[in-house]
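Just below is one structure, and these are the notes that go with it.
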Amino acid sequence: MTRALPDDLLKLPHRTDVPFARLTTLGVGGTCRWLFEPTAEHEAQAFVTACVRESLPYRVLGGGSNLVVLGDIEMPVLRLRFPAELKRDGLKLSAPASFGHIRMAQEAAREGLSGMEYASGIPGTTGGALRMNAGAYGRELVDILDTYRFLTPGGELVEKRPAPGEFNYRWSFLARGFVALSFTVSLIEGDRDRIQAQVAENMGKRGSSQPLSKRNAGCIFKNPTGTSAGRLIDQAGLKGFRIGDAEVSPEHANFLVNHGHATATEFAELMDAVRAKVLEMHGIELEPEVEIWQED
Ligand code: EPU
């Protein structure tokens, strides 16, 4: 149901009726009724404060690369559009949450700073990477995180160093309602050519084992402790299993791909089918790694 929004919210930069197909890498989903795109922290804070005052639930969108949206979303959606500037201070590099994650890894390499090479194949924004504690090749963001800034669900702006319990495998406490604003990573001096070669190698490795030429949302399920979701789905014989235009990738079984005209419902059905089959064959319940949105 469409709900009128207060004037102070409507004064913030926003667009209406944007298809999620254009906001997510998987290319499915209904319509985003309200898309708020603040260009500065104070606008993002004004958004959260107004939503809290109105008891209005909202969602935070990053690069849309780890997201499956089911149906239309009437709740206001926040997508930061901060100026795309990195700041270097010695061995520290800071990025606004709307900065591209892969681009940050590439810029770090260009600066001759080592430590972010693992991130070179992980799409989305740095804010999404923080929220999910993104990782690859046995490394994850929290390993290099120096400080981070965020808004609490109450609209309070906090800057802090990571503390035990705040980040875990593909998880951070920045759950629903929190807004990641920026972070600083602490890197080490390295040889620029070697770092850039490592960045290129990681991109290539990902490209050779993952179906990056098709629309996808990265790995769909988390790896259960001690095993790989991709291997379990593969062993269940599900590679190539298809519902409409949504398919379990024949290249990497933990990727679902959109052959062009898939719908969110087809992806939801495919995920259910995969979970059921893996549970039946292996007795293991897979947990989604992607975020799933639907109207409350
Ligand atoms: N495997 C199969 N069949 C498959 C896919 C994989 O048998 O269809 C086997 C591989 O042969 C390998 C093992 O499963 O022995 C692990 O596969 P892979 O090296 O591809 O890594 P993964 O555990 O599937 C994780 C991350 C990826 C990240 C890669 C590279 C998760 C859920 N996935 O994948 O992250 O790119 O390692 O570090 O943690 C993502 O988060 O969206 C993502 C794609």
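Do we have any residue at all in segment 175-187 that's more than 12 Å from the ligand (Cβ to nearest atom), touching a strand residue (DSSP E or B) at 6+ places or on another chain (Cβ under 6 Å), outside the structural domain of Glu289 (by TED's automatic domain parsing) and not in a strand (DSSP E or B)? Checked segment 175-187: at least one residue is more than 12 Å from the ligand (Cβ to nearest atom), touching a strand residue (DSSP E or B) at 6+ places or on another chain (Cβ under 6 Å), outside the structural domain of Glu289 (by TED's automatic domain parsing) and not in a strand (DSSP E or B). Determine whether segment 261-269 contains at least one residue that is closer than 12 Å to Leu26 by Cβ, open to solvent by 30 Å² or more (accessible area, probe 1.4 Å) and touching a Gly at 6+ places or on another chain (Cβ under 9 Å). So far as segment 261-269 goes, yes, one or more of its residues are closer than 12 Å to Leu26 by Cβ, open to solvent by 30 Å² or more (accessible area, probe 1.4 Å) and touching a Gly at 6+ places or on another chain (Cβ under 9 Å).
Residues are listed down the side, and each one gets a yes or a no for (1) over 30 Å from Pro57 (Cβ atoms); (2) assigned to a helix (DSSP H, G or I); (3) polar (S, T, N, Q):
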position	(1), (2), (3)
Glu251	yes, no, no
Gly260	yes, no, no
Lys277	yes, yes, no
Met281	yes, yes, no
Ile292	no, no, no
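Of the residues making up segment 75-114, those that are open to solvent by 10 Å² or more (accessible area, probe 1.4 Å), in a loop (DSSP other than H, G, I, E, B) and under 15 Å from Thr184 (Cβ atoms) are Phe82, Glu85, Leu86, Gly90, Leu91, Glu111. Among the residues here, His252 qualifies as under 22 Å from the mean Cα position of the chain (by Cα), open to solvent by 40 Å² or more (accessible area, probe 1.4 Å) and within 14 Å of the ligand (Cβ to nearest atom).
The values are calculated or read from the model by the stated rules, or taken from the named source; none is laboratory data. For clarity, every value in this text was computed on a predicted model and none was experimentally measured. All Cβ positions, even for glycine, are placed from backbone atoms using ideal geometry, and neighbour counts span all protein chains on display. Side chains are part of the model used for accessible areas, which takes the heavy atoms of the whole protein and leaves out ligands, DNA and RNA. Shrake-Rupley method; radii C 1.70, N 1.55, O 1.52, S 1.80 Å.
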